[in-house]
Structures are given as C-alpha cells and as structure tokens.
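I have placed the structure first, in the form of structure tokens, so that the comments after it can refer back to it.
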Amino acid sequence: MTKVKTALGASLFLLVYLVLIPWLFREQPYRLGVLTTASVLSLISAGVWLMFYIGRINMGQGGFALVGGYSAAILVSKLGLSFWAALIGAGFITVVISVLVGLPLLRLKGVYFSMITLSLTETARLTAQSFPSLTNGTKGILNLPLPGALKIAGFTLIPDFASIDKHFAFYFLGAFLTILGFASLYRIVNSRLGWLFRSLQQNEDLASSFGVDVPRLRVIALAICAAFAGTGGAFFVTMQQSVYPATFTFQDSTYFLLYCFLGGLGSVWGAFVGAFVLFLSFEMLQGLNQFQPLIYSLIMIGMMLWLPNGLLSIKLPFSFNFFSKAGGPACKPEEEAGQP
Amino acid sequence: MTPMNPTPLMEVRNLTKRFGGLVAVNDVSFAVQEGEILSVIGPNGAGKSTLFKLASSFLTPTSGRVFFRGEDVTSQSPHIAARKGIVRTFQETTIFRNMTALDNVVVAHHLRSRASLPGFFFGTKTAGEDEKRFRESASEILNYLGLGDVRDMIASTLPHGHLRALGIAIGMAADPKLLLLDEPFAGMNSEETTQAIRMVRGIRDRGVTIILVEHDMSAVMTISDRIVVLNFGKKIAEGTPAGIQNDELVIEAYLGREDENEEDVNEENVNEENGDEETQESNASSRKAGIENVP
Amino acid sequence: MKRIFALLLVIMCVFSGVAAASAAEKVLKIGVLGVMSGPAASWGLVNRYCAEAAAEIINEKGGFEIGGEKYKIQIVAIDDRNDPKVAVSGAERLIYEEKIHYIIGPNIDPTSMAIVPVIEKGGAISIPYAFSKKLFTAPASNAILGMIASYQAGPVIYRYLMDNKGIKTIAFVARNDSESLNQRDEGVEAARKLELEILADKDTYEPGTTDFFPVMSGVVAKKPDLLVLAGAAPSDTPLLIKTARELGFRGILSTETAQDARVIAELAGDAADGFISVGGASTPEIRSAQMEEFMKRYEKVAGEWNDEAGTKVYALEIILNTLKQAGPEAIEDVSKFKAAMDTFSMPNPYLKDGRPLHYIGTPYFLQKRQISVPMVVSVYEGGDFKTLFVGSVE
Amino acid sequence: MGQVLFNGIYTGVQYSLIALGLTLIFSLMNVLNFAHGQLYVLGGFVTYYVYGGMKLPFFVALLASALTLAAVGCLFQIFLFRRVMRRSVREESSMLLSAGTAMMIESLVLIFFGEKHRGVPAVVSGVYELGGVFIPRGRLLVIGLSFLFIVAFILFMRYTKPGRALRAMAQDPETASLMGVNTARYAILGWALAAMLAGMAGAILVPISGVNSGLGNWISIKTFIMIMTGGAGAISGAIAGGLALGMVESLGYHFFPGGETYLIIFIGLIAFLAVRPNGLMGKAV
C-alpha cells in the first residue's frame, strides 16, 4: 500500500518537475534560470541536511561548493577536460578535500564545529584569492565554455549545449542532478546507513559502544555532503560560465542552513522545499528593494518562533503520510509545531 | 586469593589514570575469568567510573595495560573493543531517545551485519537478509529481557526500569563476550532489583562474562562471584562476597568517610579528560570551568 | 508528497502571477543593477538615486521625447549584493521579465563580467562602473564604460604631480578584492611607464577592515612621495588618509575613484586636506545650472548629496539622448543604439562650458565603448572638493 | 617592530572587549550569537548620533550606546530567544534565530542610518612619537577604555551579587535556580550585559574607525575566531583569544602584506583546534 503511494507520489512529482514546470515556463528563460538555480541550491543544501542528520551543523558548505566550482573551472579551462569529466572530477576533488579537512575537524561538536566550518568558507575564498597562478586570483576564471556533447560509443547522449536552448538544457541537467542527489539521500536515510547516522546524531558514545566506527561514519557523511556541494558547485559555475572567490560566500553557507531548516529537518525533502520556497520568494521580493533583506530576516525569525519544524510540518487535512516515514523518527522532535 | 587461570578473559595490570594532579585510578590490577560475574565497588569518588571507562576503552590510561584473551587492547578505540567482544552499557539516560525500543536494539546489531554499507545503500539480498535477521534477533532479546510489550514505544517514553533493561538489550545486541554494566541496579526498589539480578544471571548463563560497577551492596553480594573494592583509586580488597563482607579495610572505607565533594570533582574531571581524548564532550563542562576561572 | 505539491504549486502560481501590470501611457523602463546593501552599498545606491532623480525631473516635464512620442521614464532597481550570481539572475530578470534593454550598473568587475553573457544573449546594453578592459573590448560589445577608468586617470594624475609637485616615488595600498587589485596592478604599470620609483605594491587590507594602522604602518614607513589608495571604497578612504597622517605621512595621497566629501569631512577632517581624487561635474567651479537642479533633486531623493553622484549622473542622460538620435526602434533593438553610438554627440548639460558628450574609448578598447565624461581631478580642502584641473581621456 | 606591537595591543584589547559579550551569552545559554557584530555596529551608530549629530559629550554618547544596547539585549531575550529556547534546546534553533536577528539589525541599520560610512570628530587628537613608534592619543584612549571596561566586567562578575549569580548560572542553571537564582531574570541581565559590551566596543571605536551598516558579519567572524582560540565560554579565553588575534593580525599584516594574513590565520586555527579542540582556556589544567 505505502509502496504504491510512494511510487504514485514520486511519479506525480517527476511529472510536475520535469514536464509541467518546463512547459509552463518554456518562453521565460529568466524564470527557468531561477528554477535551475533553486534546483542546484537545493542539491547543495541536501549535503547540509545530511550533516544535520548526524548532528553536525555544517556552515562550510559554501566553501565546499566553491572548491567544486573552482575544480571544475580549472579542469575545463587549464586542463581542457570536457565538462562531463570535470563535473565528476570536481565532485571527486571536493570529496578528497573534505576527508582531509574532516578527519581532524569532525571531532569538534556543536557550535565549535559550526564556527570552524564557517571559517572553512572564508578559507576557501581566501585560498582562491591567494593562488592566482591556479585560480586567476581575485579576477576569477571567466568565459567557461558551455558543456559539449556527451557521447558514448559514437552515440550522442546529450547534445552540445551551444546547439540547443541552453536554459532548457541547464534546467534538465540541474533537475537530473538534483533528482539523483535526493534519490541517493532517500536511499541513505532509509537504509542501514541512515539508522547508523541517526544513532550518531543521538549519541556517538552509545553508537561506538556497540561497535560503530564513529569517526569513519562521520567522515563518510561529510564526504557525501561534500560530493553534493562539489557537483552542485561545478554545475553552478558552468551555468554561470564563470567563477570568482565571491561565487559562494559566508552568506550562502548560512542560506543553505536556512533552506534545510525552513523545509524541515524531519524530512528528506526539507532541503528541496526550503530552497525552492525561499529562493523563489526571494526573487519575488526583488521589487521591494531595500526592504528585501528585512523581510527575509523577519521570515527567518518568524519561522523560529512559530514553525520550528519547517514548512513540511504543516498539517494538511488530506496529507497521506509519506514523508514522516521517509525522514524517519530522528527529527521528530520533542517540540510541537505551534500554530501561528 | 583467587586461583589465576593461564589466560583470563580480561586482565588489567597496574592501571593508573591521572587527571591533572588528581589520581583517579592508582595502580589497579585484577582479572576476570570466562563465565564470571565480577563486581567493582567502592565509596563515592573511589574511581569506579574511571576504571569502568578504562576497561571498556572509553578512556586511555596514563599507565598500565589492559589485556583481553591475552591480547593487549590498551588505548584502542571503543568500537574496536566492541568488535572484539568488550561491550559496555550506559546508565539509563543514554539510549536513542527518539527511536522505538525495537529500533534501538536493531541498530545495535551493527557488528553482526554481513552486507557492506554500499550493499545496504543499493539494497542487496544480503542486506535484506541482514535486516530480517536483526529484527528477529532484536525481538528475541527484548522478549528475553521482558520488554516484548513495549517494543514499539518511543524509548524516551519508557519508564525507568525498562530503560535500564533497554540499555542492557542494546549491549546484548552487539553479541558481547564481556559485558560491562554501569550501575545496573541504581535507583531500583528491592523487587525490581531481584528481577534485574535474575536478568543479569540469565545473561551470564548465555555465556557472557560480566563486570559490573555498582553502589547497591546487597545486590552485589547476591550476584557476584567475586568483588573488587576500590577506595581513593586504589584496590583495597578482592575476593568472594563473603570474604569482602568481613574485610576490615572495606568496612572502614564504607563506614569511615564518605566524601561527596570529591566525587563531584572527580566526575567533572573525568568528563573533561574524556572530551579531550576523544570528542568535544566537555564543551559544557569546560565552559563551566571557564566562567569560573575569571582571572 | 502532497505537501510538497501544495507548496510547489502555490509558489508556481504566485511566481507566474507576479507578471506585468500594464501601463496606459508610454513607459520606457531603465534598469539599475548594482550593490545596494552591505559595505559597498553606496556604489549601487548612488546609481539608483541618480537615475531616479534624473527620471523624476524628466517625468515632471511630461516625459522624454523619442521619435515624436513622450515616454515616462521608469527606473527598475535591483540589488545584486555584489554577488555575481545574484547579478546574473538580476540581469535576466531585468531583460526577460521587465523587458528592459538598458541597464545602468553593475558596480564591480565580478558582477559586471558575470552578466556579460546574459546581456549579449538577451540583447541589452549595460553601463558598468567597473574598469576591466575585457568588458568593453570585442567580442564583448554591449557594455559601455560610464566613467573614467583608473588606468586612464592614474597616469594623468601621476604626470600632473610629477610636473607640479616633483614626486619621484610612489606606493600603493589596495583593498583585497578583485576590483581594487586590478586597479592597483594597472596603476603600478602606469607608474612604471612614467618611471616613478615604486616603493610598495603588495599591501592590501581585507574588505570590512576599519583599523588601517597595521597595513599603513608598513607602507608609510617607506616614505613615498605619493601614496595611491587603489580602488578605495568611499568608506575606507577617509580612514586610510587619517591613519596615514597619524603615522606621520607627509607626502601626497590620491585615488582614482570618486569619493564623497562629506564622509571624508566626518571621518578624517582636516587630515584629508590635499587629498586628490577623480570627481564628477559637481564642483562649484564647473557645474551648470542643470547640475544644480539635479543636485537639489538628488538631495530630495537620497536624503543628502553624494559627490560620487557627480560622475554617475551621465548614464541615464546619455542613454536617453542616444535613443532619441537612434530612433524609437532602438528601444527594443540595441543594435540600432550601437550603430548610433559612432556618431552621437551632444553638449554636456552638466558642465558650464558645455563641451561635447559622446562615445569614446577606441584607444583602449578598439571600439567606442566609453562615455566621454570629463575627467575632473579635484583636491579636498576644508570639507569640500575643489577642481584641480579638468582633463580628458581623449 | 615597535609599531607592530603597539598595533597588536590596540587591536587586541578592543577585540577582547568584543569577545567578552559573545562568550558571556555562550556560557549562560549555549547560544552562539551571530548578531554580535551587528550589535557592535548599532552601538557605533548610537554614538554617531548622540556625539556626532547631537553634539553631546562623548561620555554621554557612550552611556547612551550602553543603555540602548542593554535595552536591545533585554528585548532579544524576552521576545525572541526565551520563547524559542523554551520550546527547543537544539543548538540550530538559537543559531538560526540569531542569524536572523543579525540580518534584521543589519537591514534596519541600513534603512535608518543609510549606507554611508559614518564617523565623528576625534575625542582627543594628537600623536605621540616614541622612538619611531606613532601612538595617536585617540588610540591610547581606546586602549584605556577597553581595559577599564574589561576590568570592570571582571570585577562585576567576581564581587557583586548579580555577577556571582550569573557565574553560578553559567556553571549549572539547574543548581543555580535551586540556590534561589531567578534564572529567567538573570538570563535577561546576561543578554543586556552582552549586548552592552558589544555596543560599548562599537561606541569607543567610532571616533577612530567610524562605522557602517555592513561591518557586522566580519566582526562576528573575527569574534568566533577569538573565542575558538581562547575556548568558548571562558572569560579568560575571550581575553586571551582577543589579544592573540590582535597580535597575530598585526604581525601578519607586517610580514605578509599581500592579504594572506587571514588565510594563514584560518589554517592555523584549524591546525590549532585539531590539537586543542577546547582552545587555550577551554580546559583548566
């Protein structure tokens, strides 16, 4: 029964995401672009969500995304790799760096971990500025080529982006990566790995008492988180066709957290919903100019006061309970969502 | 006093642990034989908790060695110790509070899984079998420990006695050779204690050796094969319950001076040290220490 | 799943519903894209206030006439937070949603460069206040430099100071962001060509610094004749000046970007006397009556006058007048606009002498992609800028 | 080199003052206050208005900043943090709440005070020169005042009844409330004090550095570095961390003029925390 519902829900979702939306916005490249950005931001936030899941608040996701972006840009522009190779390469490099950094830093808990990862974002920015021979310094790497054709054994899997409507192409590529990312996340959370991650979130000592290799699992979680950031960053940079030290900043790192929190930590889809809602409403608030950050901050404070478990905790009269299962009990917290 | 078998299950040799200037455990040695129930007792601040953490690898000793089946296991990570069969339990609050009782125990079957983590991710056949096996075994353990009725309750809503049992169930799930129980009888009334004693004996009868740290003298006297008594970090006596009950030093230690304060200091330092060694657990305690240390 | 849907669908509806509220009279929309929050907020806000003030004046007179029809001018401003990705989505928004083809801004290299692919593809012209030559050189063709670039002003100022004050040594201090570092590198190159002795060209400070003692100590100790504050933000300049003086610096200080006299007066006071900067048409010696009117209006819009506005006043004026010359089709078709740029010329309305205002820049960009704003080199004295000399890029 | 040392002390003392407030809130409530830098900015703007705009004496402005910010701190606790923390003890709730308030203050400051960098006339002018070291008198005043405030704060925490109550609360809120400390009220006092410290730091620096609406985040990041170095929650740690960062920054700018200073500081910090996760004073050995 639940399986049928899950399948039904998933296909309905895919229908909206992959057919309805592109069709609705086929003539509006700006909105398509915004939706693509929202997709990739939700992908990057998914990593932060996973870190929440093991009980760590990662404020360095912007830094990892920047690493991914720069890796892709350098692989493409300096080594002449194709975008597709660079995309994988960027994910890989980000993962390697996250493991190296994570081994010592994951021992820190709570606000310490947050503060140090916050510094990681700044470290990434300053590193990008300080090694001009590789990163082109503060000038950034410009004019990155659009993704070329992806061919396997002579068969064109994906056409050259320059030859088709690039807004559509990027939308679908972004959607594909996002779906892939969230599907993996869903599997992780619902497999034994998810159980173990939840056990880390709740009590690392207890987990290690029955033989869980806590440090290793923490690093695995961070590596997955970084893989999302790296791939997302690489995609984003290619979409923008340029990368700068300011492409992902301290501000972005906080926004990623906020997306997760807004959507709700209790559901795998929290990051997705949060990123879409916040990013799109942000775009709509543009007209209010200088009041925009103020409104944004009020939303944020209001959320904390009245909707601490995120948008997905809002009870709909007809909801069938697919999500609470997906998220598992980990974040069904002691706190009850108050009504505004 | 006790005949030493050639290879005891666990042997600690000259174990010492210092926290700054304070010696929490001072040159303690003892051994536990396979199939035994060994209790470690002592007044507050005697260093029982520290010794417990040292034996289960949650702390690294300043000097001295720990052997398990003749193999040196000093300073290894706790999860390695668990893999070898040395499993500790915690006091009641340390469980996965937001999971059901059954899930608590299922998760704790970690070491028994045959499938790899990627295997679980992709949902291989082995992984599926593992899941099934864990559920069955977890149900069996819960039933055995009298938790069958509450298996689907969220752990944080369980009453005291059940929590203690759940903690032991988690320990059992890891398939221990040696189970270290942290004050399993604390805060129980006599009826509950009797039940708990039966439970612990039952576990031993399943082939698990047990070391327990305990306050409750009467329970200890009933259940233990042998007892080690600590005072001020030093071992002052070791022997059968009967022998211990008549030991001059022990009587003096228990009746002579009880020093609550020292326990406090001791515990706090234990926490801090633990934090530095392995995790950041001590954030809270260090910040407490800090604000007090206004220059 | 339904919850996601509910949310997604609500967003979709609102998102696609925000579309256009149509206008009865002819409206010409002009975009302003720039940084309007954070430490550099004043850069973008000045652009916006300038455009808004100028548009108000025009609208009160019934609009701007192009091809026989009067257009009301509507300014659509977007804050890019100095963030390239926000700038890109902002530019896309202006072009595709608001159907705007003329954008004033952005303010720095990264944001200006980031939107180049967008404006080229979307058929829009931008007037960035950033100096990178790549913006204005082919294959890029849709960006027009709205002010005097540092590499244009630098040599002129250095030359003037060599001739008049006999300076021989020079040192640079830059803010550690791409904009300023580029300006510094170009300044260093110019100084090298002029055979000035360069005493320091590495010192930088982080954006957001408020204590410049550490960075200045080292530079001032080298005792240069001229200390150039490369790409100094208006907020940094007075503090840099004050610090240099407190550290016993006796040489000349200069910068190649526009500054705000009031902020300098507030923060540095008399310590800033003799400070040389590049300003606009706002110094009393040279400004026209129209400039006076504009200044009054600007004060009404923004609350107070800002000298930076003197250089940024030209953007809207020249866009509209070029459109007038190119004809109404150019409103939708920037290639018509670009064709008109070659021959466009008008008297500068903001200067007393009414020298011609047209498009220049061929020596630097190999195409005419710069507005011929006057290079007003001014010196700070007793709370205000005084014109030192009026130069020209040509 | 003397100049470098002087710069280091000057920066370090004011950093210590800034870090005190953050560490106080952290120790009392386990809240990492992202809005600390913005409180600092707000304090600066109050002084700008009272001293620069209304032309009242500097010390009146200082007092005004302190009182305003104390009030803001109270409001924070009463209307925001208390309500959120009563429902959720999860760290991310209070962290995101404070991030939200940071953004709110920043945008309010931008709307009300404008985008410009603001400054006021110097309180004392003139520069001493001692063997090639330039010591502006304004900076000496800042060092003096910072030092005075730090000492006053320490004495307050040590020898007054509210101070002792706060310390008891930092150590263990439950025990403190059993001992008769009204923790709800003292939490408000704690916030008031912390915000006041940030505000006073902002205020005393306006005559020298000025203030603008966008400074907050960078100040907050620097403060985080300080308390990580010193050990979060420890007053001695905040002071040590502040002085250390000031000195390292000054040395860094001297030896690495190219902007690598903060990169080196960050990498050093990561290495340092790998070895000493609790910072300098986080553990009393």
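A short reminder: the numbers here are calculations on the coordinates, not readings from a lab. On a predicted model such as this, the values are computed, not experimentally measured, just so you know. Every residue, glycine among them, receives a Cβ derived from its backbone with ideal geometry; neighbour counts consider all protein chains shown.
Please go through the residue pairs C:Lys29/C:Lys312; B:Lys48/B:Lys177; C:Lys61/C:Lys134; C:Lys121/C:Lys193; C:Lys26/C:Lys300 and name each one whose alpha carbons sit more than 28 Å apart in this structure.
On the way: C:Lys29/C:Lys312 18 Å; B:Lys48/B:Lys177 21 Å; C:Lys61/C:Lys134 39 Å; C:Lys121/C:Lys193 38 Å; C:Lys26/C:Lys300 26 Å.
C:Lys61/C:Lys134; C:Lys121/C:Lys193, as the Cα separations exceed 28 Å there.
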P(r) histogram, all alpha-carbon pairs of the protein assembly as shown included - 10 Å bins from 0, percent: 2, 9, 16, 20, 19, 15, 10, 6, 3, 1, 0, 0
Cut-off under 5 Å, modelled amide H: who pairs with D:Asn212 long-range: D:Arg118
Point-to-point label distance, B:Asp152-A:Lys5, nm (Cα→Cβ direction, 7 Å offset): 1.5
Whole-number percent relative contact order across chain C, with pairs defined as alpha carbons under 8 Å at least 6 apart: 15
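Where the only charges are on Cβ atoms (+1 Lys, Arg; -1 Asp, Glu), what is the dipole of the protein assembly as shown about its Cα centre, to the nearest 20 debye?
Values: 110 positive and 114 negative charges, 345 e Å.
Dipole of the protein assembly as shown, to the nearest 20 debye: 1660 debye.
Relative contact order of chain D, please, whole-number percent, based on alpha carbon pairs below 8 angstrom and at least 6 residues apart.
That works out to 37 percent.
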Convex hull of chain D built on C-alpha atoms - directionally averaged projected area, nm²: 15.9
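Beta carbons within 10 angstrom, averaged per residue: use that to sort the peptides C:249-262, D:20-33, highest first.
Details: C:249-262: 23.3, D:20-33: 26.7.
Averaged packing, sorted descending, gives the order D:20-33, C:249-262.
Quick check on the protein assembly as shown: of the DSSP beta bridges with both residues there, what percent are antiparallel, nearest 5%? Walk me through the numbers before you get to the answer.
Details: 49 of 94 bridges.
Approximately 50 percent, going by the DSSP bridge assignments.
Over segment C:150-257, what is the relative contact order in whole percent, taking alpha-carbon pairs under 8 Å and six or more residues apart?
Details: 175 pairs, mean separation 34.0, N = 108.
Relative contact order comes out at 32 percent.
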Signed unit charges on C-beta, dipole axis of the protein assembly as shown, positive-most listed residue B:Ile251, D:Gly202, A:Val95: A:Val95
Residue pairs, from the table C:Lys168/C:Lys223; C:Lys165/C:Lys242; C:Lys202/D:Lys116, whose Cα atoms sit over 18 Å apart: C:Lys165/C:Lys242; C:Lys202/D:Lys116
Hits among aspartates and glutamates - C-alpha to C-alpha of C:Lys85 under 19 Å, sequence gap 8 or more where chains match: A:Glu122, A:Asp252, A:Glu283, C:Glu97, C:Glu98, C:Asp109, C:Glu120, C:Asp177, C:Glu179
Computed log₁₀ I(q)/I(0) - Debye formula, equal Cα scatterers, no solvent, segment A:106-204, q 0.10, 0.14 Å⁻¹: -0.60, -0.99
Amide H contacts under 5 Å for C:Ile125, placed H, 5+ residues apart: C:Tyr102, C:Ile103
HN-Hα J in Hz across segment A:64-78 - Karplus 6.51, -1.76, 1.60, θ = phi - 60°, x for Gly and Pro: 5, 4, 5, 4, x, x, 5, 4, 4, 4, 5, 4, 6, 7, 8
Chain A - mean residue ellipticity at 222 nm from DSSP helices (-39,500 (n - 2.57) per run, n ≥ 4, rounded to 500): -22000 deg cm²/dmol
Other-chain or far-sequence residues with amide H under 5 Å of C:Met36's (modelled H): C:Asp80, C:Arg81, C:Asn82
Average beta carbon contacts from partner chains per residue of A:139-148, 10 Å cutoff: 3
Listed residue (D:Ile267, A:Phe176, A:Gly302) projecting farthest to the positive dipole end of the protein assembly as shown, Cβ model: A:Phe176
Helix-only CD estimate at 222 nm, as mean residue ellipticity for chain C, using -39500 (n - 2.57) per DSSP H run (n ≥ 4): -12000 deg cm²/dmol
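Scaled to the compact-protein estimate 2.2 N^0.38 Å, what is the alpha-carbon radius of gyration of segment C:150-257, rounded to two decimal places? Provide the component values of the computation, followed by the final result.
On the way: Rg = 12.4 Å, N = 108, 2.2 N^0.38 = 13.0 Å.
So the Cα radius of gyration is 0.95 times the expected 2.2 N^0.38 Å.
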Mean Cβ count within 10 Å, highest first, over the residues of peptides C:44-53, A:2-11: C:44-53, A:2-11
Under Karplus coefficients 6.51, -1.76 and 1.60, residue-wise ³J(HN,Hα) of segment C:313-327 in Hz, glycine/proline x: 5, 6, 4, 5, 3, 6, 4, 5, 5, 5, 4, 4, 5, 7, x
Within chain D, helix-based [θ] at 222 nm, where runs of 4 or more DSSP H residues each add -39,500 (n - 2.57), nearest 500: -24000 deg cm²/dmol
Residue-wise HN-Hα coupling along segment C:348-354, computed from phi with Karplus coefficients 6.51, -1.76, 1.60 (Hz; x: Gly, Pro): 5, x, 9, 10, 4, 7, x
Nearest-20 debye value, chain A charge dipole, Cβ charges on Lys, Arg, Asp, Glu: 520
Computed over segment D:69-220, Kirkwood Rh from alpha-carbon pairs, angstrom: 18.0
Virtual spin-label span in nm between D:Ile264 and A:Ile314, 7 Å along Cα→Cβ: 5.2
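Taking neighbour Cβ counts within 10 Å as the exposure measure, how do C:Ile115, A:Ile299 sort from fewest upward?
Numbers: C:Ile115 32, A:Ile299 20.
Sorted ascending by nearby Cβ count, the order is A:Ile299, C:Ile115.
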Separation in nanometres of the label points that stand 7 Å from Cα toward Cβ, at C:Lys193 and C:Lys352: 3.2
Segment C:150-257, dipole about Cα centre (Lys/Arg Cβ +1, Asp/Glu Cβ -1), debye to the nearest 20: 440
Average other protein chain Cβ within 10 Å of Cβ, residues A:122-133: 5
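Semi-axes of the equivalent ellipsoid of segment C:248-318: what are they in whole Å, largest first, if each equals the square root of 5 times a C-alpha gyration tensor eigenvalue?
On the way: eigenvalues 128, 37, 21 Å².
Three semi-axes, in Å: 25, 14, 10.
Calculate the FRET efficiency for A:Ser281 and C:Glu304 from the Cβ-Cβ distance with a Förster distance of 22 Å, rounded to the nearest 0.05. Write out the running numbers ahead of the final one.
Working: r = 33 Å, r/R0 = 1.50.
About 0.10, to the nearest 0.05.
Peptide D:222-233: average number of partner chain Cβ atoms within 10 Å per residue? Provide the component values of the computation, followed by the final result.
Values: counts 2, 1, 8, 5, 0, 3, 7, 0, 1, 7, 8, 9.
If you average over the peptide's residues, the count of other-chain Cβ atoms is 4.
If each residue's Cβ is checked for other Cβ atoms within 10 Å, how do C:Glu381, C:Glu195 rank with the fewest at the top?
Least to most surrounded, the residues fall as C:Glu195, C:Glu381.
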